[in-house]
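Taken together, the values in this text are just the output of simple stated rules run on the coordinates, not laboratory data. Predicted model, so just to flag it, every value in this text is computed and none were measured. With ideal geometry, Cβ positions are generated from the backbone for all residues, glycine too; neighbour counts draw on all protein chains shown.
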Amino acid sequence: MTSRTWLALKRVASVSVLGIVFWNSPFLLQQFHIHTGPRDKPLSILIWDLPFNHNLNLSSNSCPTRRHKESCLLTSNRSWLDQADVVAFHHRELQHSTSNLPTAQKIPGQNWVWVSLESPTNTKDLAAWNGTFNWVMTYRQDSDIFIPYGTLVPRSSDKVDIPKKSRLVCWVISNYHRTQKRAEVYRELSRHIKIDVYGKASKKPLCPACLLPTISQYKFYLAFENSIHRDYITEKLWRNALLAGTVPIVMGPPRANYEQFIPGDAFIHVEDFSSRQELATFLLTMNDSHYQSFFNWRQRYTVKLYDNWQERFCTICEKYPSLPGRKVYPSLEDWFWN
């Protein structure tokens, strides 16, 4: 008997339904994935490719116990493939190595997770993995494992600290393409109001440590997404605007979608105005009292960024007991573009 067969039998033996233990049922293993009762070993998650080749600190191989009820181990060691409970595949690396996907080595009962924080517009070659993945892990709220770019967490404070403002509007942009919607809106708006532009696509690059201090000097920040999709609300809002202490002017999904994440009085949406000139006039004529009102949310909330990949993968541990079994995505493309 091979080690893989023995591992599969052990997994079947651990499945109990109505008090009956099925000791030798490959059919049951393929048809059911039941997460019940305490585990006799830590949940193991194999990260097939480290996102963007980031050197994650997996020396302890564990997730913080506060995030889940079970012990959980993370590893990037591919030799764990035949024993991992979950294997996570980050799309950026996956799209360059389709032939290396270990489909033939997937063991019964193992769940594969497709991971991406890019928008559908910037995600290619999805059809190559039809019928491959059990769960998806993205910024979309309807993902099996939801990993937003940021969130607001409750706090209580009578004092709202707003950085001193000496400038009006800025934008930080790394990849400028004239055909993008955000570039079009910027050009139209800049005809009516001065906008200071920073980043790799400008003549004013910013060092990482300079980013937030620079933006905090401005009253408003252009939190323009590179493409418009449901729930695609990135660090442009969470870090560059809200964390920096400025008011975001957003361009992305509709206002109602933003209000599922942040209060409606915490931001300005470009689509709230009939023209770019009307938006510019609104910004130029805003009085101090009105401006201060955009920060009322700070009395109740503070910003939490989810920008640590190890923490993101640990979310699998937290969600694992409630994740659906017997699930396969026949078409990632259909789901993602829906």
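Summary of computed values
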| item | result |
| --- | --- |
| In nm, spacing of pseudo-spin labels at THR121 and ASN308 (7 Å Cα→C-beta vector) | 3.2 |
| Cα gyration tensor shape for region 125-168, rounded if a/c is under 1.5, else prolate or oblate | oblate |
| Cα-based shape type of region 151-305, given that a ≥ b ≥ c are square roots of the gyration tensor eigenvalues and the cut on a/c is 1.5 | rounded |
| Full-stretch length increase - LYS204, LYS41 - with 0.36 nm per residue and alpha-carbon distance subtracted | 53.4 nm |
| Whole-Å distance, taken between Cα centres, linking region 150-185 and region 250-318 | 8 |
| Highest average packing first - 257-269, 234-246, 134-146, Cβ atoms within 10 Å | 234-246, 134-146, 257-269 |
| Packing rank of 115-128, 291-304, 215-228, where each peptide gets the mean count of other beta carbons within 10 Å, highest leading | 215-228, 115-128, 291-304 |
| Per-residue ³J(HN,Hα) for region 325-338, Karplus 6.51 cos²θ - 1.76 cosθ + 1.60, θ = phi - 60°, Hz, x for Gly and Pro | x, 6, 10, 9, 8, x, 8, 4, 4, 4, 5, 5, 8, 6 |
| Two-site label geometry, ILE228 and GLN292: point separation in nm, points 7 Å out along Cα→Cβ | 3.5 |
| Gained length - THR281 relative to ASN338, 0.36 nm times residue gap less alpha-carbon distance | 16.9 nm |
| Taking region 151-305 and dividing mean pair separation by its residue count, relative contact order in percent (alpha carbons under 8 Å, at least six apart) | 32 |
| Sorted by Cβ neighbour density within 10 Å, fewest at the top, the residues LYS41, LYS165 | LYS41, LYS165 |
| Segments 194-207, 309-322 sorted - mean Cβ within 10 Å per residue, highest first | 309-322, 194-207 |
| Computed lengthening from ALA128 to GLU271, 0.36 nm per intervening residue step minus Cα-Cα distance | 47.8 nm |
| Computed label-point distance, nm, for sites ASN100 and LYS181 using a 7 Å Cα→Cβ extension | 3.5 |
